[in-house]
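Every read-out reported here was derived from the displayed coordinates using simple, explicitly stated rules and does not represent laboratory data. Predicted model, so just to flag it, every value in this text is computed and none were measured. Backbone-built Cβ (ideal geometry, glycine too); neighbour counts: all protein chains shown.
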There are 2 protein chains.
Amino acid sequence: MAQEQQLEVVNNGRTERTGWLLNSPDPPGFFHEIFSSIRRTILPHGTKNHSSLPKKSSASKAFSFLQGLFPILEWGRNYRATKFKRDLMAGLTLASLCIPQSIGYANLAKLDPQYGLYTSVVPPFIYAFMGSSREIAIGPVAVVSLLLSSLIQKVVDPAVDPVGYRRLVFTATFFTGAFQAVFGLFRLGFLVDFLSHATVVGFMGGAAIVIGLQQLKGLLGISHFTTKTDVISVLKAVFNSLRHQWYPLNFVLGCSFLIFILITRFIGRRNRKLFWLPAIAPLVSVILSTLFVYLTKADKHGINIVKHFKGGLNPSSVHELQFNSTHVAEAAKIGIICAVIALTEAIAVGRSFASVKGYHLDGNKEMVAMGFMNIIGSLTSCYVATGSFSRTAVNFSAGCETVVSNIVMATTVLVSLLLFTKLLYYTPLAILASIILSALPGLIDINEAYNIWKVDKLDFIVCVGAFLGVLFRSVETGLLVAVVISFVKVIVSSIRPSTEVLGRVPGTSTFSNVIQYPMATKIPGLLIIRINSGSLCFANANSIRERILRLLGDENEENSKDNIRVLVLDISNVMGIDTSAIIALEELHRELVSRGIELAFASPKWQVMSKLKLAKFVDKVGRGRFFLNVEDAVDVFFDPNMSASAVHNC
Amino acid sequence: MAQEQQLEVVNNGRTERTGWLLNSPDPPGFFHEIFSSIRRTILPHGTKNHSSLPKKSSASKAFSFLQGLFPILEWGRNYRATKFKRDLMAGLTLASLCIPQSIGYANLAKLDPQYGLYTSVVPPFIYAFMGSSREIAIGPVAVVSLLLSSLIQKVVDPAVDPVGYRRLVFTATFFTGAFQAVFGLFRLGFLVDFLSHATVVGFMGGAAIVIGLQQLKGLLGISHFTTKTDVISVLKAVFNSLRHQWYPLNFVLGCSFLIFILITRFIGRRNRKLFWLPAIAPLVSVILSTLFVYLTKADKHGINIVKHFKGGLNPSSVHELQFNSTHVAEAAKIGIICAVIALTEAIAVGRSFASVKGYHLDGNKEMVAMGFMNIIGSLTSCYVATGSFSRTAVNFSAGCETVVSNIVMATTVLVSLLLFTKLLYYTPLAILASIILSALPGLIDINEAYNIWKVDKLDFIVCVGAFLGVLFRSVETGLLVAVVISFVKVIVSSIRPSTEVLGRVPGTSTFSNVIQYPMATKIPGLLIIRINSGSLCFANANSIRERILRLLGDENEENSKDNIRVLVLDISNVMGIDTSAIIALEELHRELVSRGIELAFASPKWQVMSKLKLAKFVDKVGRGRFFLNVEDAVDVFFDPNMSASAVHNC
């Protein structure tokens, strides 16, 4: 009697739970979801609780707004001389690496050398006021320089029309900044996420090889070179030149200093205290090689030198921006590609060092800072600047405390621009090539590529796609290939029809895959199948229906004594369902009815339940056939007598 | 003491379960998955259990193989005269509808009328031997005729080069059949699923309107018409003609018979016994109007008539197929589009009537049958045939028993071709137009469009996209738009970052969304978040990480007394994870460690667990932080003392 009462209580609880499931409030509607998603994207978070905070005066509100925009106002008040001492040292080390690299990257971007230095002056200053990373080193970087030159020389040839080329570079830089600022202001940071980790690893590796091949021009002293960036064109151009004319002296000079730089790096790695040695090695190389050329007059013997080098403060380039030319659409297109690539590199760099020091970097704020620094850069003769991985690492090792090290660096570069540019007239191009070459190995991450292969084969295909695309076609093809493969991967993995047969895990009310957990036991007379596709839709619903019927057939064949009476479908993983899928479920239901098998659903998600109700599917199947969890469904349909006979049969 | 022992048992059970989770066998590897998926696709299912069945002799094996290919061998043995009587009646009714429709559709396909009749002879015969549907009526259909003419007249203009046009039609028909057979043989039936229910509804509606507009040519007796199919071009052409020359008599004649056909249909709907009335109405209209024109010599007064009409048996068209012309690639492209559209219509028709009669239709077998019937059709002067919705419905209402009704129909059409074609010389084109017009309302399903809107707003966008694309651009644009939107929808719904806070549902060990189930209670000190994205990947992992941190902040703000000590992530819904997502989880873990919050994972899926192990993430977080279900995690981390204080505070 007491047992019966208890049974009734249990049954009542179950009925009540099915009621909760069926009568749960409506999920947010389609339009509400869209609006709230837009609001959540555009407006900063945490707004809903602001009213509960004590009201601030409008002055302090304005100040906190300014603090948000210019983080320097916050940390600047606690800035002490001890910190400055460390920042000064870091900034000077940074400058000694930055000057030769900037000249080299300007060369890679097919601009005169001073534009690289300009780009190391204004953007770091702006970033110091607006940015929130403490370690990042701002300036021109290899990949963006390559990207810019490879994209822009398709529109304007720098050899034919250098002024038009430069104007397009500044216009593209302006668009880069504008897009970055817009991404940040409208909180569209997720766009940067579209370049997955695997894409970045593959892309960087490919770009490093392409950049290295471009350096063969300087290293071999070749005058006629190709404007294409793919391996085959470049190697062809190199072999053609080698047959006609090249100057081995350039190669000897470049290689000797490359070896010197690599040796200092090896020493720096062995002895952490000598970290400054690899950092100043490029500058030392530049000085030594320039002196060598000047003293031996080697430029008369085929050594190519920098020559024209205009010093002085960044000139204004406001009048060079062209918004009504025919190329403005091209500039905007190039701008958006550069914006995404530059942000990807900067945010990856910033985040990894921030997490080492244990603080959080707000991606959207960073984007606004980068955007403004590039907009202002484009008005002051700078091309696209971003966070450099190699220099940020040097800045970090040199013990920087705040972004003041960037200010020190920019000031040093500015002083050099004002005073020392004449001295760089005799700097050999081969040295610039070897400085760039020495920075490349850091971009190729074979270990990480191996890890990707180990963990996710499809991700590895994305990585290889980006790598080969950059190598054999062009920079933007590589990116496109990787992004397309990434999204195809998302589609395939979402619509892949996947089902698993569940059994009860001993000692729990959890039902799990019987192959993964061999100790899980099936319930006699019941077949419990979980649909493992996030979206049950037109593309997979029919396959899943057929697979379920097949599993049912297999089960009945294997276990011919205990025929399956009930099919419990665990749809907990189905997050979305469309009208095609509902039709497939209706067909499944009819099919099962014609075979005399009952159909029950367990753990439907909120949105799915709501759609099934709207489509009247719940009424067709029967409201009592929907359960909050698998256990409730099993309790209702499991017949202990049958189980006893089953056990007996075993 | 007993309690302590019990606690120990419970703890041991949990530890054991975590062990099961961590040490579960490796899931099938990437390559194994690929191969088994290909095998499963290409080979028929159920092969694994064949060995357990009693061995068959090779003769009986061959016979069962033939039975699989030609289902007629199976049901033919039980075929009785009573069945034939019903099939004969159904076949004759079908023929009376089929003859005028075939002539009209040939007109729509811009072929001479006899080709429509040819297409109603050979394909139904072939299908009768190979197909397994009992109700489907095979022959030319409106949508495929439109599709074929609109695609082919872009390559060859039928007004300029009718022979070249016809050759391309046959070649495209051959490719259609070849693709259909390949889809069936390699079990690629899922390709047809790529046209979702919403796409088909929108596409059919748009195509019906386009077909209707094409009929204005015949109905108004216009001689100069556009070859484009979009609404705007057609309406422009019609208005231009109306200003210059048209013959109102055509319109009057066409409309009178259209009204006649519609009235018979209305009567047929009211009284089910008179179903034959609407079925023979078109033939009656043709006979009456032909007589009318012949007697009144109305063709001299501007009534356009069929005129040239070659009778006789289907001639061979083997020599008309062109595989080495310049248009062969076009023909193959058109073939694949027609193959998918024709199969979509046929399988939708076949399935819905099969499920009414309670038998299952094997999609792959149907595709093979359709493929062969079109290949053989292309050799015997037929264009693409498929299952017609309107005629299948008539066949069903006429009480057909088997596919023999198709044989009866084909024979009747053949007899007409041999004897009566001369009589159709005076048939007015306006009547053919009104017969096609009368069949169109069945293609426009406003109710279903409304249902789609109600259930799934995004599906409705797909439907509208297909509709407007067909209407305002072209047939293939409509399909392309719908398929692209469908897949974008899959991407968006899979990567949409979605999380929910869970609480324990009273009386169960289930944890559910606290907003959907207001009765679910949160656990003090614990925050349980479920990730509701099927794939945790590059595109959403960072957003989800930020969302989790925000939820954590909100929770701590709301409930400042009980600070969250543990974050339990329920990743049961995450079916796939990539390297970018693992990096995001590592960042989340570091972030939480720096705030002093513990991180635990509940119910990871097999594949996900395996990847987390491979990426060494399990070791970083700690092997004891992974649980088989949420309940185990809560049991470990929940501190009852704290709960008591929390209850006290409430």
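Calculate how many DSSP beta bridges within region A:496-649 are antiparallel, expressed in % of all such bridges and rounded to the nearest 5.
Values: 7 of 21 bridges.
Of all bridge pairs located within region A:496-649, approximately 35 percent are antiparallel.
With all distinct Cα pairs included, what does the Kirkwood hydrodynamic radius of chain B come out to in Å, to one decimal, could you say?
Values: mean 1/r = 0.0344 Å⁻¹.
This gives a value of 29.0 Å.
In this rough spin-label picture, where each label sits 7 Å from Cα along the Cβ direction, the A:L614-A:N11 distance is 3.6 nm.
Taking label points 7 Å from Cα along the Cα-to-Cβ direction, A:T296 and B:V284 give a separation of 10.8 nm. Convex hull volume of the C-alpha atoms in region A:496-649, normalised per residue: 107 Å³. Placing a label point 7 Å from the Cα of B:R77 along the Cα-to-Cβ direction, the distances to the matching points in the other copies come to 9.5 nm, shortest first.
Local charge sum around B:Y426 (other residues, Cβ-Cβ under 13 Å, Lys/Arg +1, Asp/Glu -1)? Kindly include the intermediate steps, with their values, before the conclusion.
Details: positive: B:K297, B:K300, B:K307, B:K422; negative: B:D299.
Around B:Y426, the surrounding residues sum to +3.
For B:F31, the label point sits 7 Å beyond Cα toward Cβ; its separations from the matching points on the remaining copies run 5.5 nm, from shortest to longest.
How would region B:307-400 be classified by its alpha-carbon gyration tensor: rounded, prolate or oblate, with rounded meaning a/c under 1.5 and the a/b versus b/c comparison settling the rest? Oblate, because a/c is 1.5 or more while a/b does not exceed b/c.
With its label point put 7 Å out from Cα toward Cβ, B:L480 sits 1.5 nm from the same residue's point in the other copies, in order from shortest. Adding -39500 (n - 2.57) for every DSSP H run of four residues or longer, then dividing by how many residues chain B holds, sets the calculated 222 nm ellipticity at -20500 deg cm²/dmol. Please enumerate, by chain and number, the lysines with C-alpha under 19 Å from the C-alpha of B:K611, excluding those fewer than 8 residues away in the same chain. Candidates past the 8-residue exclusion: A:K454, A:K457, A:K489, B:K620.
How high is the relative contact order of region A:496-649, in percent, with contacts defined as C-alpha pairs under 8 Å that are six or more residues apart? Write out the running numbers ahead of the final one.
Working: 261 pairs, mean separation 35.9, N = 154.
Relative contact order for region A:496-649 comes out at 23 percent.
What FRET efficiency comes out for the pair A:R623/B:E33, r = Cβ-Cβ distance, R0 = 45 Å, nearest 0.05? With a Förster radius of 45 Å, E is 0.75. So, in Å, what gap is there between the alpha-carbon centers of region B:441-495 and region A:407-435? Each part reduced to its Cα centre gives a spacing of 60 Å. So, in Å, what gap is there between the alpha-carbon centers of region B:92-114 and region B:221-244? Centre-to-centre (Cα) distance: 24 Å. For region B:80-490, averaging the sequence separation of C-alpha pairs within contact (under 8 Å, six or more residues apart) and dividing by the residue count gives a relative contact order of 38 percent.
What FRET efficiency would be calculated for the residue pair A:R86, B:R595, taking the C-beta separation as r and a Förster radius of 35 Å, to the nearest 0.05? Present the calculation step by step, with values, prior to reporting the outcome.
Values: r = 27 Å, r/R0 = 0.78.
About 0.80, to the nearest 0.05.
The rotation axis bringing chain B onto chain A passes closest to the chain B residue reported with its distance as B:G534, 1, by C-beta distance in whole Å. Report the Cα centroid-to-centroid distance between region A:131-184 and region A:292-306 in angstrom, as an integer. Result: 31 Å between the Cα centres. Restricting the calculation to Cα atoms, region B:147-217 yields a radius of gyration followed by a Dmax of 15.4, 43 Å.
Evaluated at 4 °C with a viscosity of 1.567 mPa s, what Stokes-Einstein diffusion coefficient in µm²/s does the protein assembly as shown have when Rh comes from the Kirkwood expression over alpha-carbon pairs? Present the calculation step by step, with values, prior to reporting the outcome.
Details: Rh = 35.8 Å.
It diffuses with D of about 36 µm²/s by this estimate.
Considering only alpha-carbon pairs that sit under 8 angstrom and 6 or more positions apart, the relative contact order computed for region A:496-537 is 46 percent. Note on B:K110: lysines with a C-alpha under 28 Å away, same-chain residues under 8 apart excluded, are B:K154, B:K217, B:K228, B:K236, B:K297, B:K300, B:K307, B:K310, B:K333, B:K422. Rounded to the nearest 5, the antiparallel percentage of DSSP beta bridges internal to chain B is 40%.
At 27 Å minimum axial length over the Cα atoms and a Kyte-Doolittle cut of 1.6, report the qualifying DSSP H helices in chain B, or say none.
Details: long enough: B:2-22 (30 Å, -0.88); B:81-108 (38 Å, 0.46); B:162-185 (34 Å, 0.87); B:197-220 (35 Å, 1.25); B:248-270 (33 Å, 1.31); B:276-296 (29 Å, 1.84); B:328-357 (42 Å, 1.35); B:475-495 (31 Å, 2.10).
In chain B, the long hydrophobic H runs are B:276-296, B:475-495.
When both bridge partners sit in the protein assembly as shown, DSSP labels roughly 40% of those beta bridges antiparallel. For region A:366-389, the residues whose backbone nitrogen is under 15 Å from a point 7 Å from the Cα of A:E74, taken along Cα to Cβ, are A:366-369.
Under the simplified labelling scheme, the A:L262-B:K454 pair shows an inter-label distance of 7.3 nm, with each label point 7 Å from Cα along Cα→Cβ.
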